[in-house]
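The values are calculated or read from the model by the stated rules, or taken from the named source; none is laboratory data. Worth saying up front: this structure is predicted, and the values here are computed from it rather than measured. Neighbour counts are summed over all protein chains in view; Cβ atoms, including those assigned to glycine, are modelled from backbone coordinates with ideal geometry. Remember, those area values only see protein heavy atoms, side chains included, never the ligands or the DNA or RNA. Shrake-Rupley method; radii C 1.70, N 1.55, O 1.52, S 1.80 Å.
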Amino acid sequence: TLAFVEGGAVRLQSTKGLDVTAGYPELASVPDGVHADIAILDAEFVVLDDDGRPRFELVQRHERPGALYLFDVLRIDDHDTVGLPYEDRRRLLEQLVEPGPSWLVPAHRVGGGPELLEATGEEGLEGIMAKRLGSLYTPGKRSPNWRKIKHRRRVDVVIGGFTAGEGNRASTFGALLVGRWDGDVLVFAGGVGTGFDQRLLDTLSAQLGELELDDCPFEPAPPASYRRGARWVEPVLTATIEMTEFTNDGLVRHASFVELTGPP
């Protein structure tokens, strides 16, 4: 989220360039904490769970107030700052912004990345951002000088269906529909659409074709967005996947296929 502060008001812009100010009324007072008449700030909008951890699915729901975590500054009054080294921009940002009820400049550290990554894993956080000292701000494009390092966990799931493929996957499948056993009930856990090479796509497609069913094996049935064009299979194949986390709805997030592990 980009925050444009001017004249005591703030305009919020999404990564797609859309004005999303009206959707975040809790951030209307952000200019009160900015010690400049004009500022452009880069930030992340977060919503915390009951344990104080940011959760992506809570941002999507936005059922409770969130906060703006400000991590960079692009302009202060008449001065562009994108050409300054990262550590200079960071210092200016800390001087510019006074923390408030729904915004702050989060802490950072220089060095000790592996230890910090390990600590975030122990706390159940998604990961860390690593930024090269001396790096400039590059608007509108990704930079190799900023890297998101996520924790990935492996879990075993049961394949209960698949979606139709498109483009170069038209002859195989788009994503596997997976679940986890809760007693004798197969509970839906989302889709897995990455981690396949062409050979694996062909092999899995042949196996799935021999196991097709008319009825959905998940109980309850998956959301409508997953059921469109879905084909169901007998839930006898298990797979190991990598993912970042389970959402509050029990669905896998950022999942990729690792290997087929056989019958459950």
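Give the residue, chosen from 122, 126, that is in contact (Cβ under 8 Å) with a residue 60 or more places away in the chain, out of contact with any Gly (no Cβ under 6 Å at 6 or more places or on another chain), of a type in the set (Asp, Glu) and under 30 Å from residue 49 (Cβ atoms).
126
Is it fair to say residue 114 is within 23 Å of the chain's Cα centre (by Cα) and part of a helix (DSSP H, G or I)?
yes
Given the residues 55, 64, 142, which is the only one that is at pLDDT 90 or above and among the basic types (Lys, Arg)?
Of the residues listed, the single one that is at pLDDT 90 or above and among the basic types (Lys, Arg) is 64.
Which ones in region 239-255 are outside any strand (DSSP E or B) and in contact with a strand residue (DSSP E or B) (Cβ under 8 Å, 6 or more places away or on another chain)?
Of everything in region 239-255, those that are outside any strand (DSSP E or B) and in contact with a strand residue (DSSP E or B) (Cβ under 8 Å, 6 or more places away or on another chain) turn out to be 244, 247, 250, 251, 254, 255.
Among (1) part of a strand (DSSP E or B); (2) in contact with a Ser or Thr (Cβ under 6 Å, 6 or more places away or on another chain); (3) open to solvent by less than 20 Å² (accessible area, probe 1.4 Å), where does residue 258 come up short?
The one condition residue 258 does not meet is (3).
For the list (1) without any contact (Cβ under 8 Å) to a residue 60 or more places away in the chain; (2) open to solvent by less than 70 Å² (accessible area, probe 1.4 Å); (3) not hydrophobic (A, V, I, L, M, F, W, C), I need the number of the one condition that residue 253 fails.
Checking residue 253 against (1) without any contact (Cβ under 8 Å) to a residue 60 or more places away in the chain; (2) open to solvent by less than 70 Å² (accessible area, probe 1.4 Å); (3) not hydrophobic (A, V, I, L, M, F, W, C), the one that fails is (1).
Take the residues of region 121-145 that are outside any loop (DSSP other than H, G, I, E, B) and more than 24 Å from residue 195 (Cα to Cα): which is nearest to the chain's Cα centre (by Cα)?
In this case the residue turns out to be 130.
Every residue in region 22-78 that is over 19 Å from residue 7 (Cβ atoms) and among the β-branched types (Val, Ile, Thr), please.
The answer is 46, 47, 59.
Being acidic (Asp, Glu), under 25 Å from residue 20 (Cβ atoms) and in contact (Cβ under 8 Å) with a residue 12 or more places away in the chain is the filter; apply it to region 64-87 and report the residue that is least open to solvent (accessible area, probe 1.4 Å).
It comes out as 72.
Being free of Cβ contacts under 8 Å to residues at least 60 places away in the same chain, over 24 Å from the mean Cα position of the chain (by Cα) and open to solvent by less than 20 Å² (accessible area, probe 1.4 Å) is the filter; apply it to region 28-55 and report the residue that is nearest to residue 78 (Cα to Cα).
Among those residues, the one meeting the criterion is 39.
Please work out which one of (1) loosely packed, with under 15 Cβ neighbours inside 10 Å; (2) touching a residue at least 12 places away in the same chain (Cβ under 8 Å); (3) under 28 Å from the mean Cα position of the chain (by Cα) is the condition residue 90 fails and give its number.
For residue 90, the exception is condition (1).
Given the options 134, 124, name the one that is of a type outside the set (Phe, Trp, Tyr), surrounded by fewer than 16 Cβ atoms within 10 Å (Cβ to Cβ) and modelled with pLDDT under 95.
Criteria check complete, one pass: 124.
Output yes when any residue across region 49-66 is under 30 Å from residue 252 (Cβ atoms) and in contact with a strand residue (DSSP E or B) (Cβ under 6 Å, 6 or more places away or on another chain), and no when none is.
yes
I'm trying to understand the selection: among the residues of region 72-94, which are over 14 Å from residue 132 (Cα atoms) and in contact with a strand residue (DSSP E or B) (Cβ under 6 Å, 6 or more places away or on another chain)?
73, 74, 75, 76, 77, 81, 82, 92, 93
Conditions: (1) under 30 Å from residue 121 (Cβ atoms); (2) in contact with a Ser or Thr (Cβ under 7 Å, 6 or more places away or on another chain); (3) open to solvent by 20 Å² or more (accessible area, probe 1.4 Å). Residue 248 meets all but one. Number of the miss?
It is condition (2) that residue 248 fails.
Pull out all pairs, ordered by first then second residue, where Cβ-Cβ is under 8 Å, the residues are six or more apart or on different chains, the first lies in region 105-118 and is under 18 Å from residue 134 (Cβ atoms), and the second is part of a loop (DSSP other than H, G, I, E, B).
110/133
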